[in-house]
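The values are calculated or read from the model by the stated rules, or taken from the named source; none is laboratory data. Everything numeric in this text was worked out from a predicted model, so none of it was measured. Neighbour counts run over all protein chains shown; Cβ positions are idealised from the backbone, glycine included. With ligands, DNA and RNA removed, areas are computed over all heavy atoms of the protein, side chains included. Shrake-Rupley method; radii C 1.70, N 1.55, O 1.52, S 1.80 Å.
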Amino acid sequence: VSGAIESFELRWERSATRHLYGEGAIAAGFAGFGDLARGRKVFVVAARRVMELQGERLLPLRAATERVELLDVPDGEGAKSVAEAERLWRRMSERGGKRDSLVVAFGGGSVLDVAGFAAGAFLRGIEWAAIPTTLLAQVDAAIGGKTGLDLPEMKNAVGLFHPPVAVLAEPGPLATLGRDQRRAGLVEALKLGAVADLALFERVERDLERLLDGEVSALGSLAAAAARSKAALVERDPREGGERQLLNFGHTLGHALEAEAGYGRLAHGDAVAYGMRFALGLSLARGADADFAARVARLLDRIGVPPLPALAPAGLLIRMGRDKKARAEGLTWVLLAGPGAGRLETGIAEEKVATELVAFLRRGGFPPL
Ligand SMILES: NC(=O)c1ccc[n+]([C@@H]2O[C@H](COP(=O)([O-])OP(=O)(O)OC[C@H]3O[C@@H](n4cnc5c(N)ncnc54)[C@H](O)[C@@H]3O)[C@@H](O)[C@H]2O)c1
């Protein structure tokens, strides 16, 4: 693994997030930021499993402050509940959490979401840092300041924009991911590339076998490239008024599939892959570049998404209508336009979506290509 650390900043309205990607990023973060952790009470939020696998990576944090408390959360999506956020707040209160305490989220996107949310609401907002340990979290979830919890009715239903002060991402932890977890991260990188960054898309296309096989240096450098690309896009549109909505490509149906299947039964990345396949169909019917749509579909096929569980269209349609991206004038769909370019379309008739969804499910979740 190459030793170079990439560093870039995402500037917010009144703050900034420093991103460090590369081996040694955690040590550089805690030694290089001066007061990021020094002398502060630090609450590390992590699932036990990730602590067992990768916990020694936090040694530089222990060197920076002795006041480290470990707060465990359930593994995976189950961490993203109101009950778990409350459990974090109560433990932080009991253990002397103050306005200058720091939350360090160590794990995948689920842990980052609940820890960032808990930090954003505790004492009306304390600082947090993200140490993403999955490809998906390094590529996507750690960047952009969104935090959130699920309700049984709806995924990511409750949340805050609360950017971390730092994102410290090392390739090393990616070595213990399984193929399915790598696949989930690759789906999000492909998504960003397909609608906003052709070079990133082509990189996934070119390096797919090495990435799927888990070549850590390839995974680490892809994560840095994707994170930099997402950070630039978010900086242009932090509150998702326009361009940032492109990153919801595949997520309108994806979130509905994930919730309808039951959280944890269909992985987020796989649900988004199906969401993208569905959006490809909608895009093709509305003038998308057919050659590029076919390329996106082929890359999804190569990534190898597991079969779609049998789900009834009615429940999915209700969930899509409830999606937080739904406005009074109807859902805003992210469609593919051309190579590396997406576009937004609001007001596709509900009956049309319903008809296409029935056909899509009948095809087993494949686009009409
Ligand atoms: N806030 C955002 O902007 C944003 C963006 C994208 C996704 N997300 C959210 O991220 C979540 C998905 O994140 P995820 O895919 O990272 O899944 P996850 O956080 O649920 O973790 C999946 C599994 O990976 C394991 N794991 C973590 N690090 C590991 C390592 N180094 N080695 C081995 N196993 C490891 C965990 O134990 C867990 O079982 C979803 O809830 C999604 O909504 C949020």
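Couple of notes before you dig in:
- Considering each residue of segment 259-275 in turn, none proves to be buried (at least 23 other Cβ atoms within 10 Å of the Cβ), in a loop (DSSP other than H, G, I, E, B) and of a type outside the set (Asp, Glu).
- Among the criteria (1) closer than 28 Å to LEU336 by Cα; (2) open to solvent by less than 40 Å² (accessible area, probe 1.4 Å), the one ARG206 does not fulfil is (2).
- Scanning segment 49-78 for residues that are among the acidic types (Asp, Glu) and either away from the ligand (no atom under 12 Å from the Cβ) or over 21 Å from the mean Cα position of the chain (by Cα) (or both) yields GLU52, GLU56, GLU66, GLU69.
- Checklist (1) in contact with a Lys or Arg (Cβ under 8 Å, 6 or more places away or on another chain); (2) surrounded by fewer than 17 Cβ atoms within 10 Å (Cβ to Cβ); (3) assigned to a helix (DSSP H, G or I) applied to ALA297, failing item: (2)
- Taking segment 133-155 as the range and being within 10 Å of the ligand (Cβ to nearest atom), in a loop (DSSP other than H, G, I, E, B) and either surrounded by fewer than 21 Cβ atoms within 10 Å (Cβ to Cβ) or not polar (S, T, N, Q) (or both) as the test, the residues that pass are ALA142, ILE143, GLY144, GLY145.
- Matching residues, segment 79-132, being at positive phi, touching a residue at least 24 places away in the same chain (Cβ under 8 Å) and more than 9 Å from the ligand (Cβ to nearest atom): GLY96, LEU123, GLY125
- Test: residue in segment 178-187 that is in a loop (DSSP other than H, G, I, E, B), open to solvent by 10 Å² or more (accessible area, probe 1.4 Å) and closer than 26 Å to GLU13 by Cα: no
- Only one entry of LEU331, LEU344, LEU308, LEU316 meets the criterion of being touching a residue at least 40 places away in the same chain (Cβ under 8 Å), closer than 25 Å to GLU243 by Cβ, open to solvent by less than 40 Å² (accessible area, probe 1.4 Å) and under 24 Å from the mean Cα position of the chain (by Cα), and that entry is LEU331.
- Matching option when the condition is among the hydroxyl-bearing types (Ser, Thr, Tyr), more than 14 Å from GLY340 (Cβ to Cβ) and within 13 Å of the ligand (Cβ to nearest atom), among TYR274, TYR263: TYR263
- Contact map, segment 214-225: first residue part of a helix (DSSP H, G or I), second residue at pLDDT below 95 and open to solvent by 20 Å² or more (accessible area, probe 1.4 Å), Cβ cut-off under 6 Å, separation 6 or more or different chains; pairs are VAL216/VAL1; SER217/VAL1; ALA224/GLU6.
- Test: residue in segment 157-168 that is within 6 Å of the ligand (Cβ to nearest atom) and either of a type outside the set (S, T, N, Q) or in contact with a helix residue (DSSP H, G or I) (Cβ under 9 Å, 6 or more places away or on another chain) (or both): no
- Checking segment 354-363 against the condition returns no match, with no residue being of a type in the set (Val, Ile, Thr), loosely packed, with under 15 Cβ neighbours inside 10 Å and under 14 Å from GLY254 (Cα atoms).
- ALA218 satisfies every condition listed in (1) farther than 25 Å from ALA37 by Cβ; (2) near the ligand (Cβ under 10 Å from one of its atoms); (3) of a type in the set (A, V, I, L, M, F, W, C) except (2).
- Selection of first residues in segment 46-64 that are without any contact (Cβ under 8 Å) to a residue 40 or more places away in the chain and of second residues that are more than 13 Å from the ligand (Cβ to nearest atom) and of a type in the set (D, E, K, R), restricted to Cβ pairs under 7 Å at least 6 apart or on distinct chains, gives the following pairs, ordered by first then second residue: ALA64/ARG38.
- Flag if VAL158 is open to solvent by 40 Å² or more (accessible area, probe 1.4 Å) and part of a strand (DSSP E or B): yes
- Listed by position, the strands (runs of 3 or more DSSP E) inside segment 1-80 whose residues that are of a type outside the set (A, V, I, L, M, F, W, C) and open to solvent by 40 Å² or more (accessible area, probe 1.4 Å) number at least 3 are 6-11.
- Selection status of ALA175, of a type outside the set (Ser, Thr, Tyr), farther than 21 Å from ASP270 by Cβ and either at pLDDT 95 or above or not in a loop (DSSP other than H, G, I, E, B) (or both): yes
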